[in-house]
Amino acid sequence: MTNKKSNKANETEEASPSGLKKMLTAEFTWKDKDEFLDAVYWLRQIISLIMGILWGYLLLQGFIGLFTFLLTNCFVVYLYTTSYQNVDDEEYGGMTEILKEGMMSSFATFLVSWIIVYSAKMENIDPTL
């Protein structure tokens, strides 16, 4: 009897695509509001980490780095939502709610990765130059 239950559980797991696969599938039909918002959250985290490493490597400083991160992050999420996934933003509380999803935690990820890479790179530069 437990074997039948485990077989059914395996079948439902196989039938349900992984979160990454859902996120990368264009115009995926989201069953739950939270599933889509989770995809937006993790997309922001990935973008933030990549941008933080890149900004640190390029030795960007100050307002320009912060402003370009915020602008780029919001723009990518907007394009992902409207063009790639083609969702009705009103189902999720409007575009403002989608753009706010995970913004502060992604900003923290960006800052930490930016500071770590920037500090590591600056450590290797001769201060007498």
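Points worth noting:
- Each of the peptides 61-73, 32-44 was scored by the mean count of other Cβ atoms within 10 Å over its residues; in descending order, highest first, they stand as 32-44, 61-73.
- Between the range 81-103 and the range 37-67, the alpha-carbon center distance in angstrom: 20
- Zone residues, the range 41-64, relative to ALA108, backbone N less than 20 Å from point 7 Å out along Cα-to-Cβ: 41-53
- For SER83, net neighbour charge (Lys/Arg +1, Asp/Glu -1) across residues whose Cβ lies under 14 Å away: -3
- Per-pair calculated FRET efficiency, R0 = 41 Å: MET122 and THR25 via Cβ, rounded to 0.05: 0.50
- The range 42-129: radius of gyration over Cα atoms, expressed as a fraction of 2.2 N^0.38 Å: 1.29
Only the coordinates and a few stated rules stand behind these numbers; no lab work does. All values reported here derive from a predicted model rather than from experimental measurement. Here the Cβ is made from the backbone with ideal geometry for all residues, glycine too, and neighbour counts use every protein chain on show.
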